[in-house]
Structures are given as C-alpha cells and as structure tokens.
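Quick notes on the structure that follows.
The values are calculated or read from the model by the stated rules, or taken from the named source; none is laboratory data. All values derive from a computational prediction rather than experimental measurement. In this analysis, Cβ positions are derived from the backbone assuming ideal geometry, glycine residues included, and neighbour counts consider all displayed protein chains. Heavy atoms of the whole protein, side chains included, go into the accessibility calculation; ligands, DNA and RNA do not. Shrake-Rupley method; radii C 1.70, N 1.55, O 1.52, S 1.80 Å.
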Amino acid sequence: MKRVLVLGAGLVTRPHVRYLLNIPDFHVTVASRTVSKAKALVEGRANGTAVELDAEDQTRLRELIAGSDLAVSLLPYVYHPTVARHCIELKKTMVTTSYVSDAMQQLDGEARKAGVLILNEVGVDPGTDHMSAMKVIDRVRKDGGVVVGFRSYCGGLPAPEANTNPLGYKFSWSPRGVILAGKNPARWRENGKEMYVPGEELFDHHWMVQIEGFGELEGYPNRNSLPYAEIYGIPKAETIFRGTLRYVGWCESLSRIVKAGWLSEEPIDLSNLTFKELTAKLLGVPAEDVRKEAIRRLDMKEDSHAFKSFEWLGLFSDEPLPLTRGSALDVIVARMQDKMRYAEGERDMLIMQHEFTAEYPDHRAVITSSLIDYGIPHGDTSMSRTVGLPAAIAVRMILQDQVRLAGVHRPIIPELYEPILAELEELGIRFTERIETVTPAS
C-alpha cells in the first residue's frame, strides 16, 4: 500500500484527491486545519483518511510526513520550503503545484544528496504551461530548428455566460493569491530589448490578444519571464514573454484599485468605518466628496469599467466594513471573495496559448498551441481539474516507480511531461496546434 499525504483541502484539491483514491493500493490522507473539508474530500472511502492539521505545528506535520511515502503540499506557498525540509530529512518525495521559490531552489543540493525528489510547478500555471511549451520546443529542436520567439498567456476566467460583473472575473482559487499577483513587477524580452514594469504600474500595461477558437481577451505581463530562456533552453529567443489573460475591464479596474491604495498591506484601524469612509481615507479626501475625487484623482469616467467596478463592489457605499482589524488589502479580498463567487451551476474556463517563432535551415514558422477547457456545471471547476490532475498523475507515476529523479525539479523533461500530457488528453484536457510558415523556402 502506497501512502499519500495531501496537505491542504482548498478549492483545487478535490479532483486531485479523487484521482488518487481511485488508484488500487493507494491510501490517501488529507490533512487540513478545517477537518470537515478533508472529510468531504475523502467521502468516507476505505482508502481515505481525514485528519486535522495546523501547518504551524511542526511536530504534527513531521509525524504525518514520516507516516507517508509521498507528501503533496497544497498549502499556501510560504509553507512549501518547510515541508520540503522535513521530506528531505525523512527521505520522502514531495510534490507541489507552486513556483520554485529561492528558498526551495536552495534545497536542491540537500535533496540530491539525500536522493529525494522535490517536484514543483506541476499544476497548470505553473505546470501544464511548462510541459506543453517544452513539448513543442523539444520537437522544434529535434526537427533541426531553433526557437527565436516565445510568447505565452494563461488565464482562469468565468465562461462567457458567467461573465456577469464589471471586473470580468470570479474566483476559482485563492482570492488573496490572485490579488497579490497584481503587485508583482514584470520583466520580459521583446525583440531583443529587456522590458520592465514596476508592480504598481502592472495593470497599465495591457493589450488585446487573439485566442484561437475563442476571440479576444486582455493580456498583461506575468512576473519575470527572463529566466525561462534558460529553463526552457531557448537562449536565442529574441522575445520571451509570459502573460496573464483577462476579460476587458479587469486591468482598468485593478489599475484604479491599486492607485486608490486598496492593495496596501499596512495595518489600519478599521473599526466603525464604512466602505466609503475607507476609500476616502485611502485617497485622503472628505467622505462626502469621495465619488467626485475618485473620478478626478484616478482618472475615471462614470461609464468606465473602473468606475462601474468601484460602484459594484460598493467601495463608495455606506455599508460597514466586514472587518474591524487588518489592512485595506484584507478588506478588498474579503469583499471580492463575497461578491465574486461562482453561482451554483456556473462554469469557469481555463485558457492557455503559446506562440513560438521557430527558425529552420530553410524557413521560419509560427506555431500556435492553444488550450480551452471548461468547468463542469455542478461539478469540478476547470481550475481545480487543470491544477489538481497534473499533480495527481505525477504522484501516481512517482509511486509506481516510473520516475527516478532526485533534487528540486520542474516537469520540463520528456520523462515527466510526455506521460502527463498524454493522460491529460485522455481526461479531456488537450491542446490544439496551428502551424504557419511565414518565410517559405527559397
């Protein structure tokens, strides 16, 4: 019996756990601070156990890892290095869907020395984005070509019929994570020139992107794209860009929310304040003038997406704040979490698109690889499937001795990405390709 420990029982966990519970000879323990969530995931299955865990309790965390063959960390990203250290010391494999942080990368030597695999970035973004990109890049290389341009976008969004608010967005995973991602600066390379956007200006840099088989969406930069020249082995790429996709309205609205100070993490006294009063406080204006001053100071028009978003979120309202302690960020996250939920039966959607410019000895081609996946009404969201299933497939492969690696890794090598992508296709998560020759043979 192979023993899998799943740490966390959040929004993307159900498809992951259900996949693993359906594998003969696997026992799955789900550990969560809210044990009722863990119990709902294992559904009383004989090969499933739900336990309570406070991730700060190192003794209990280590005990649970020691009793497993592999630990999957779906906890907030700050806990991953701690889980990894326990796994390395106890010689247990670890899988996570989060980015390789500096703290995690520093554990590579120890993991290799211990013969332990710490597999990161095996969700959707990061995860399937890497795997699907490397599948094309490796094929271009095998065919004698060189990737000289790479542009990639990904977005988790409401399906068109569920796009019912001015921001064009609803939450299928951590609201705080979505909002905090908007504070990251961005770097990329465009036609050989390095580009940089500070975090506070991120949402001012957006443009329309044509998605194969769907239509237009807004795209904007996602963090630092430059390391992917090395990670993907495409050092000659004159353009290397990774971006986020949203419906029209998100960037304009978030830009003004940032400028108004709503993403501040500085603790402030929230007691006895209304939304209007906090907006006024953040802008430094009298509460009675807040609408007029917001329009002037934030360069908004009354018929704009941004102004409509402020109104729809109630940021000019006399409604009491939902919190008495915390920061402006805490308040806006709580407000968005409350108002930007999916209604029962609504579908979400995951869109990913890569564009490669490949140079061959006799021609140049543009390869467009696209994924459009929809959630299941009254069932699993697309986000939970596309994040949870790649990680679950990786867990199965590792525990069935199909993977023999040690150290801190991403799924960018064929022995990982080929079988994972193949199984995702069987599960209905598949890419389509279009290849256009832009410079014909002479």
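Out of segment 411-423, which residues are touching a residue at least 40 places away in the same chain (Cβ under 8 Å), touching a helix residue (DSSP H, G or I) at 6+ places or on another chain (Cβ under 6 Å) and either open to solvent by 10 Å² or more (accessible area, probe 1.4 Å) or within 23 Å of ILE211 (Cβ to Cβ) (or both)?
Result: ILE412, TYR417, LEU421.
Table: residues versus (1) modelled with pLDDT of 95 or more; (2) of a type outside the set (A, V, I, L, M, F, W, C).
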{"position": "VAL30", "(1), (2)": "yes, no"}
{"position": "LYS37", "(1), (2)": "yes, yes"}
{"position": "ALA40", "(1), (2)": "yes, no"}
{"position": "GLY48", "(1), (2)": "yes, yes"}
{"position": "VAL51", "(1), (2)": "yes, no"}
{"position": "LEU61", "(1), (2)": "yes, no"}
{"position": "SER73", "(1), (2)": "yes, yes"}
{"position": "TYR77", "(1), (2)": "no, yes"}
{"position": "HIS86", "(1), (2)": "yes, yes"}
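Can you pull out every residue in segment 424-438 that is open to solvent by less than 80 Å² (accessible area, probe 1.4 Å) and under 21 Å from the mean Cα position of the chain (by Cα)?
Matches in segment 424-438: LEU424, GLU425, LEU427, GLY428, ILE429, PHE431.
List the number of the failed condition for SER442; all other conditions in (1) at pLDDT 95 or above; (2) open to solvent by 40 Å² or more (accessible area, probe 1.4 Å) hold.
(1)
Pick out, from segment 230-329, the strands (runs of 3 or more DSSP E) lying fully within it that include 2 or more residues that are touching an Asp or Glu at 6+ places or on another chain (Cβ under 7 Å) and at pLDDT 95 or above.
239-246
Which condition from (1) closer than 30 Å to ASP69 by Cα; (2) of a type outside the set (Ser, Thr, Tyr); (3) in contact with a His (Cβ under 7 Å, 6 or more places away or on another chain); (4) not in a helix (DSSP H, G or I) is the one that VAL403 breaks?
(3)
Please go through segment 48-78 and give me each residue that is among the polar types (S, T, N, Q) and open to solvent by 30 Å² or more (accessible area, probe 1.4 Å), ordered by number.
The answer is THR49, GLN58, THR59.
When you go through (1) farther than 30 Å from LYS92 by Cα; (2) open to solvent by 10 Å² or more (accessible area, probe 1.4 Å); (3) of a type in the set (A, V, I, L, M) one by one for LEU313, which number turns out not to apply?
(2)
Return the residue satisfying two criteria in turn: it lies in segment 278-307 and is farther than 20 Å from ILE268 by Cα and in contact with a Leu (Cβ under 9 Å, 6 or more places away or on another chain), and of such residues it is most open to solvent (accessible area, probe 1.4 Å).
ARG297
Those residues that are touching a residue at least 12 places away in the same chain (Cβ under 8 Å), under 20 Å from the mean Cα position of the chain (by Cα) and open to solvent by 50 Å² or more (accessible area, probe 1.4 Å), I need them from segment 215-269; list them, please.
ARG223, ASN224, VAL248
Exactly one of these conditions fails for ARG18: (1) surrounded by 16 or more Cβ atoms within 10 Å (Cβ to Cβ); (2) touching a Gly at 6+ places or on another chain (Cβ under 9 Å); (3) closer than 24 Å to ALA181 by Cβ. Give me its number.
Looking at each condition in turn, ARG18 falls short on (3).
Looking only at residues in segment 132-157 that are under 28 Å from ARG14 (Cα atoms) and either in a helix (DSSP H, G or I) or among the β-branched types (Val, Ile, Thr) (or both), which one is most open to solvent (accessible area, probe 1.4 Å)?
Here the residue is LYS135.
Given (1) within 20 Å of GLU121 (Cα to Cα); (2) buried (at least 22 other Cβ atoms within 10 Å of the Cβ), where does ASP348 come up short, assuming only one miss?
(1)
Select from segment 79-102 the residues that are in contact with a His (Cβ under 8 Å, 6 or more places away or on another chain) and farther than 15 Å from LEU5 by Cα and write down the one among them that is surrounded by the fewest Cβ atoms within 10 Å (Cβ to Cβ).
Among those that are in contact with a His (Cβ under 8 Å, 6 or more places away or on another chain) and farther than 15 Å from LEU5 by Cα, it is SER101.
Based on this model, can you work out whether MET397 counts as of a type in the set (A, V, I, L, M, F, W, C) and surrounded by fewer than 21 Cβ atoms within 10 Å (Cβ to Cβ)?
When the stated conditions are applied, MET397 passes them.
Take ILE372 and decide whether it is of a type in the set (A, V, I, L, M, F, W, C), at pLDDT 95 or above, open to solvent by 40 Å² or more (accessible area, probe 1.4 Å) and part of a strand (DSSP E or B).
Yes, satisfied.
Give me a count of the residues in segment 110-131 that are part of a helix (DSSP H, G or I) and either open to solvent by less than 10 Å² (accessible area, probe 1.4 Å) or in contact (Cβ under 8 Å) with a residue 12 or more places away in the chain (or both).
Of the residues in that region, 8 qualify.
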